[in-house]
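For reference, the structure discussed in these notes is given below.
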Amino acid sequence: MQPDRTADPARHAGSARGLGVCDVLRVELTARHRPGLERALAERAGECRRRAHALLAEAQAATSPSDDPEVLRLREELRLLERIRAGLPDPPAGAFLLLGPAGLVLELVADSLRAAVGELAAGLEEGGAHPAADAGPLEAAGAWITTALDCRAVEAFSLDAGVDPVHAW
């Protein structure tokens, strides 16, 4: 995605940037994002492993070839998840970048946002102290909301809405 000087400056001030024709997203994250992203990466990798294992078990039982396209796709996704995880800075303090295929990055942001909002909602349902007593869940949810909005702005951006079929509606 090339910078467009006619675009609203807010499109360039957020934490998300499209690289190429939004094949790759580069998202600037903070230490507040780190726990949620690590959980999302671990959960998604675990799900990929479980699904691939189940498909391979089915293939062995049916004596069908193990080069099932879905297994190959799951292995590739797992490889990408492990690469993203390995790219996280150590020690885990401070700002860092999430860089990866746009679809996967958007899904990780959505998963992390869902988890942060769910944690916040669960805390509010407990009826404990005022939500401001523990600002952590509020800050995490707020950080992921901002990131999701920035990603949405990049994903929805179009130089020419009449040519871009996604935006032609």
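Can you say whether VAL105 is surrounded by 18 or more Cβ atoms within 10 Å (Cβ to Cβ), farther than 23 Å from ALA42 by Cα and at pLDDT 70 or above, as far as the supplied structure shows? So VAL105 does not fit the description; no.
Quick check on region 22-31. Is at least one of its residues part of a helix (DSSP H, G or I), small (Gly, Ala, Ser) and modelled with pLDDT of 90 or more? No, region 22-31 contains no residue that is part of a helix (DSSP H, G or I), small (Gly, Ala, Ser) and modelled with pLDDT of 90 or more.
The values are calculated or read from the model by the stated rules, or taken from the named source; none is laboratory data. Computed from a prediction, not measured in an experiment: that's the story for all the values here. Note: ideal-geometry Cβ built from the backbone for every residue, glycine included; neighbour counts use all protein chains shown.
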